[in-house]
Amino acid sequence: MKVGIHALSYYVPVQFLPIETLAEARNIEYAKLNKGLGLTSMSFPDIDEDAATMGANAVLRLFKEENIHPSTVGRLYLGTESALDSAKPTATYILDLVEQQLAAEHGENCLRNVDAVDMTFACISAVDALENACLWAAQNPDKVAIVVASDLAKYDLESTGEYTQGAGSVALAVRTNPELISIDPAVGVATKGERDFFKPRRTFTKAELFVEAAKLLGVDVSTEEAAEKLANSKGFWGGNTMLRSYVEEPVFDGQYSNFAYVSRIKEALENFGTKVSTNPALDWDKVVMHLPYAFQGRRMLVNFYLDWMKANGKWDDVIAVMGGDMPADKAEAKEWVRAFSKSDYYRAYVAKALAPAERASSLIGNMYTASIFMGLLSTLCDAADKGENIEGMTIGFMGYGSGSKAKVFQGTVESSWNKVGKLNLFAALDNRKAVSFDTYELWHNERLTEAISPDKKGFVFTGLRTEENQEFYRDYTFKG
């Protein structure tokens, strides 16, 4: 019995910042970002959008375009690292919003018996959700599981991560006898606790904040004096002496994160090889990876590709291309590999296997959990645009989440794969609205008071409640 991805949908914010605009403002050579990393534009959510609205827009579209009856849906799993609450799952916001829109046709409680949960493991959590959804669908062949990945990748201004930012959501319908991709049940996994990227709860003493606030007023107060003044205070300054905050911008080490990514993928590939006899260079027609930036895959995979060529008896082809074997000296070997990565031989592999997934990433940026599935959608839509017949082809998947974990698996393209053409992915991305650098910085610093795109359709965030026992509960509405 086949199990896998029956349908896909997506939501990408309508506004974006051109990478060329960012490069000019930051005094970075545009070619470094565009030609070197594959970056063209960066999507970011409006001030009335978040992980819940983006996810709900993708899920509602999935229901409507695939005519999914709510009674057939048993699970809604959200993979995200942009959760809105430490207790209430963001998936419940999404489920509630979608149910409200389906109520007129299917009844007020049409999704009441759907199991909903958030899954969090940095950028790989939606892959975890897909694996769980496939196992559940195999046990419930008459039901549909929905997996949604929804995220905002936001980094500190002027940081090395700023130009990789992105946002959006992808939703998947998972069931038996899927029309898009059947997923092989074998999964290679590698997990190791790392510190490459994390979003800590920042902790400050209220006395420290009092001192800083006093400075803004031109008053010098010592930490000891501040603590004494606050000792008997009530309200905001009273009670607990500590204040904890959460921000979207992560603490990260780019080089270390890349090392962890490569290490976990290598280990997961080795684990996958103990379960499935395959050589990715020969047996995977397309490769879909988590892409922190568009060209991450092609840059990272070159060493893996060379290993695969050795394993499948094709090393003589590599030697012929390079005019000699890889040098024994490490420095010379590194340059040799760099030269191979620029060869027509490797570029032909990139164009065939990797570039289709890069196409959307280049236009959107890093989507965290949704990155790998946008890569899949990009691959399918690219083939549909070009009239390529990919039925029966094998797609290799490599997911990664900082902290850290990698998963490797594969799938087979099914006969109705080209129905993704109706999603008009690339046309929609072409029709987004470019914004100025000033608007982008105001958005980043949360200083905008009005929506950038007030006429957009779909779910939008309307505000936080202030009533007692409802403080900070999030409210939304639907703009049809």
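The values are calculated or read from the model by the stated rules, or taken from the named source; none is laboratory data. Note that the structure is a prediction, hence the values are computed from the model and not measured. Note that we place each Cβ from the backbone using ideal geometry, even for glycine, and neighbour counts take in every protein chain shown.
Among the residues making up the stretch 182-222, those that are more than 27 Å from E248 (Cα to Cα) and acidic (D, E) are D184, D220. Of all residues in the stretch 131-156, those that are without any contact (Cβ under 8 Å) to a residue 60 or more places away in the chain have Cβ atoms under 7 Å from Cβ atoms of residues that are surrounded by 18 or more Cβ atoms within 10 Å (Cβ to Cβ), 6 or more apart or on another chain, in N132/Y77; A133/R75; A133/Y77; A133/A145; A133/V147; A133/V174. Is one or more of the residues making up the stretch 330-351 assigned by TED's automatic domain parsing to the domain that holds F44 and in contact with a Cys (Cβ under 9 Å, 6 or more places away or on another chain)? So far as the stretch 330-351 goes, no, none of its residues is assigned by TED's automatic domain parsing to the domain that holds F44 and in contact with a Cys (Cβ under 9 Å, 6 or more places away or on another chain).
For the residues V318, V302, V287, V262, the requirement of being touching a strand residue (DSSP E or B) at 6+ places or on another chain (Cβ under 7 Å) and aliphatic (A, V, I, L, M) singles out V287.
Which one is farthest from A83 (Cα to Cα) among residues in the stretch 239-262 that are among the polar types (S, T, N, Q) and within 19 Å of the chain's Cα centre (by Cα)?
Going through the stretch 239-262, the residues among the polar types (S, T, N, Q) turn out to be 240-241, 245, 255, 257-258.
Adding the requirement that they be within 19 Å of the chain's Cα centre (by Cα) leaves 257-258.
Values: S257: 22, N258: 24 Å.
Once the filter is applied, the top-ranked residue is N258.
The condition of being under 16 Å from the mean Cα position of the chain (by Cα) and small (G, A, S) holds for only one of G107, G74, G168, that being G168.
To keep it simple, each residue is scored yes or no on (1) among the hydrophobic types (A, V, I, L, M, F, W, C); (2) crowded, with 23+ Cβ neighbours inside 10 Å; (3) farther than 18 Å from M374 by Cα.
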position: L17; (1), (2), (3): yes, yes, yes
position: A23; (1), (2), (3): yes, no, yes
position: L39; (1), (2), (3): yes, yes, no
position: S43; (1), (2), (3): no, yes, no
position: D46; (1), (2), (3): no, no, yes
position: E49; (1), (2), (3): no, yes, yes
position: N57; (1), (2), (3): no, yes, no
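Taken as a whole, the structure leaves A91 outside the set of residues that are under 23 Å from the mean Cα position of the chain (by Cα) and assigned to a loop (DSSP other than H, G, I, E, B).
Looking only at the stretch 94-112, which residues are surrounded by 13 or more Cβ atoms within 10 Å (Cβ to Cβ), without any contact (Cβ under 8 Å) to a residue 40 or more places away in the chain and not in a helix (DSSP H, G or I)? G107 - this is the single residue of the stretch 94-112 that is surrounded by 13 or more Cβ atoms within 10 Å (Cβ to Cβ), without any contact (Cβ under 8 Å) to a residue 40 or more places away in the chain and not in a helix (DSSP H, G or I). Do you know which residues across the stretch 417-471 are exposed (fewer than 12 other Cβ atoms within 10 Å of the Cβ), out of contact with any strand residue (DSSP E or B) (no Cβ under 7 Å at 6 or more places or on another chain) and of a type in the set (S, T, N, Q)? The answer is N431, N445, T449, T466, N469, Q470.
Of the residues making up the stretch 217-234, just one is in contact with a Phe, Trp or Tyr (Cβ under 9 Å, 6 or more places away or on another chain) and at pLDDT below 90, namely K229.
Screening the stretch 146-203 for residues that are surrounded by fewer than 17 Cβ atoms within 10 Å (Cβ to Cβ) and in contact with a Lys or Arg (Cβ under 8 Å, 6 or more places away or on another chain) and picking the one that is nearest to P70 (Cα to Cα) gives N177. In this entry, D46 passes the filter for residues that are in the same structural domain as I364 (by TED's automatic domain parsing) and under 18 Å from Y155 (Cα atoms). Does the stretch 457-478 contain any residue that is among the basic types (K, R), in contact (Cβ under 8 Å) with a residue 60 or more places away in the chain and not in a helix (DSSP H, G or I)? Checking the stretch 457-478: at least one residue is among the basic types (K, R), in contact (Cβ under 8 Å) with a residue 60 or more places away in the chain and not in a helix (DSSP H, G or I).
For the stretch 373-403, the candidate set comprises residues that are polar (S, T, N, Q) and touching a strand residue (DSSP E or B) at 6+ places or on another chain (Cβ under 7 Å); within that set, the residue that is farthest from D184 (Cα to Cα) is S402.
Among the residues of the stretch 129-171, those identified as among the hydrophobic types (A, V, I, L, M, F, W, C) and either modelled with pLDDT under 95 or touching a Leu at 6+ places or on another chain (Cβ under 6 Å) (or both) are I146, V147, V148, A167, A171.
Report whether or not G239 is at positive phi and surrounded by 11 or more Cβ atoms within 10 Å (Cβ to Cβ). Spell out the reasoning first.
Details: at positive phi: yes; surrounded by 11 or more Cβ atoms within 10 Å (Cβ to Cβ): yes.
So G239 fits the description; yes.
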